[in-house]
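So the structure is just underneath, and the comments pick up after that.
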Amino acid sequence: MKRLLKMALAGLLAVSLVGCGSSTDTDTDSETKTYIIATDTTYPPFEMEDDDGNLVGIDMDLIRAIAEDQGFEIEIQSLGFDAACTALESGEADAVIAGMTITDARSEKYDFSDEYYETGVTMGVLADSDIDSYDDLEGQVVVAKTSTTGLEFAQSIEDEYGFTLEVVEESALMFEKVKSGEAIACFEDTPVLKYQISIGELDFATPCGNENPSYYGFAVLKGENAELLEMFNTGLANLKESGEYDEILAAYE
């Protein structure tokens with residue numbers, strides 16, 4: 001009888017311990033969720049590496065600060081712009097933050113956050129170039145980066161101004177083509193091009209000013225991750241109210 005009683009008590013204790021373990025795991029999972037955030041490789045001042053090889057920039061600082069403010073974890077994957085969008089659409093990433101302009105076409109596939117940065121498109125040429133306007137592009141080669149609003153704008157004026165448009169995968173290659181003379185001009189997001197000029201990375205001029213003013217947004221797949229989108233918007237509002245948003249921007253001006 002005593003032996004049976006001991007066995008019963010041991011069984012109850014085992015069930016109790018298993019129950020406690022399951023409860024703890026569930027609580028831990030519910031407290032902190034990790035989201036995979038896809039981004040570009042190099043897109044200063046939004047994505048770039050510091051001297052230690054760490055990924056920094058406005059987008060990176062912003063998403064990290066929002067995650068901390070809202071209590072979720074992030075895993076950042078630096079893939080390149082097209083690859084980041086592909087990862088989002090295939091379900092391999094939960095969101096993209098990569099200096100992505102909010103457009104009607106993209107809004108058919110993605111749900112965007114509140115606007116977090118004003119942008120636009122500008123033409124870049126060598127500082128000593130004779131190109132003063134779009135009229136001077138006739139018969140010349142112009143370069144733009146794939147899947148960008150810079151490319152869209154270049155395509156929209158290509159026939160009107162009679163230039164040949166070349167498309168490349170990376171901003172760095174686009175700039176190199178202008179530097180080497182393979183292309184007479186490039187089209188890039190205004191803040192990106194002006195930042196590169198301001199830090200002395202590019203000896204370029206922007207003769208035509210800002211075109212198509214628009215905004216960057218944080219993107220999730222349409223109809224998915226509504227909770228993450230809401231947390232981003234709430235965190236963004238909190239950062240703006242506290243002044244941390246302005247501090248992040250100021251660090252890259």
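The values are calculated or read from the model by the stated rules, or taken from the named source; none is laboratory data. The model shown is predicted, which means the values in this text are computed figures rather than measured ones. Don't worry about glycine lacking a Cβ; one is built from the backbone with ideal geometry, like all the others, and counts go over all protein chains shown. The accessibility values were calculated without ligands, DNA or RNA, using every heavy atom of the protein model including side chains. Shrake-Rupley method; radii C 1.70, N 1.55, O 1.52, S 1.80 Å.
Residues in the stretch 152-184 that are small (Gly, Ala, Ser) and in a loop (DSSP other than H, G, I, E, B) were compared, and the one that is surrounded by the most Cβ atoms within 10 Å (Cβ to Cβ) is ALA183. Looking at this structure, is GLU188 open to solvent by less than 10 Å² (accessible area, probe 1.4 Å) and under 13 Å from VAL125 (Cα atoms)? Against the criterion (open to solvent by less than 10 Å² (accessible area, probe 1.4 Å) and under 13 Å from VAL125 (Cα atoms)), GLU188 qualifies.
Kindly establish whether GLY80 is touching a Ser or Thr at 6+ places or on another chain (Cβ under 9 Å), open to solvent by less than 10 Å² (accessible area, probe 1.4 Å) and on the phi > 0 side of the Ramachandran plot. I'd like the intermediate steps shown before the answer.
On the way: touching a Ser or Thr at 6+ places or on another chain (Cβ under 9 Å): yes; open to solvent by less than 10 Å² (accessible area, probe 1.4 Å): yes; on the phi > 0 side of the Ramachandran plot: yes.
Taking the combined requirement at face value, the residue satisfies it.
Given the criteria within 21 Å of GLU169 (Cα to Cα) and surrounded by 20 or more Cβ atoms within 10 Å (Cβ to Cβ), does ALA105 qualify? Let's see the steps before the verdict.
On the way: within 21 Å of GLU169 (Cα to Cα): yes; surrounded by 20 or more Cβ atoms within 10 Å (Cβ to Cβ): no.
For ALA105, the condition - within 21 Å of GLU169 (Cα to Cα) and surrounded by 20 or more Cβ atoms within 10 Å (Cβ to Cβ) - is not met.
Answer yes or no as to whether VAL125 is over 17 Å from the mean Cα position of the chain (by Cα), open to solvent by less than 10 Å² (accessible area, probe 1.4 Å) and aliphatic (A, V, I, L, M). Against the criterion (over 17 Å from the mean Cα position of the chain (by Cα), open to solvent by less than 10 Å² (accessible area, probe 1.4 Å) and aliphatic (A, V, I, L, M)), VAL125 qualifies. When the stretch 40-55 is examined, which residues are found to be more than 11 Å from the chain's Cα centre (by Cα) and open to solvent by 60 Å² or more (accessible area, probe 1.4 Å)? Within the stretch 40-55, GLU49, ASP51, ASP52, ASN54 qualify. Taken over the stretch 227-238, the criterion of being over 18 Å from the mean Cα position of the chain (by Cα) and of a type outside the set (S, T, N, Q) is satisfied by GLU227, ALA237. Evaluated against (1) surrounded by fewer than 21 Cβ atoms within 10 Å (Cβ to Cβ); (2) within 21 Å of VAL168 (Cα to Cα); (3) among the hydrophobic types (A, V, I, L, M, F, W, C), ALA98 falls short on exactly one condition, (1).
You will find that of ALA105, ALA14, ALA8, ALA65, the residue that is at pLDDT 95 or above and of a type in the set (Gly, Ala, Ser) is ALA65 and no other.
Only one of GLU201, GLU224 is under 28 Å from ALA87 (Cα atoms) and either in a loop (DSSP other than H, G, I, E, B) or among the β-branched types (Val, Ile, Thr) (or both). Can you tell me which?
Working: GLU201 fails: under 28 Å from ALA87 (Cα atoms).
Going through GLU201, GLU224 in turn, the sole match is GLU224.
Look through the stretch 201-218, keep the residues that are under 11 Å from ASP189 (Cα atoms) and of a type outside the set (Gly, Ala, Ser), and return whichever of them is least open to solvent (accessible area, probe 1.4 Å). Among residues in the stretch 201-218 that are under 11 Å from ASP189 (Cα atoms) and of a type outside the set (Gly, Ala, Ser), the one least open to solvent (accessible area, probe 1.4 Å) is TYR216. Please give the number of the condition ALA144 fails out of (1) within 22 Å of the chain's Cα centre (by Cα); (2) in a helix (DSSP H, G or I). All conditions pass for ALA144, except number (2).
Here is a check on your reading of the model: is TYR134 open to solvent by less than 30 Å² (accessible area, probe 1.4 Å), more than 30 Å from GLU73 (Cα to Cα) and aromatic (Phe, Trp, Tyr)? Answer is yes for this residue.
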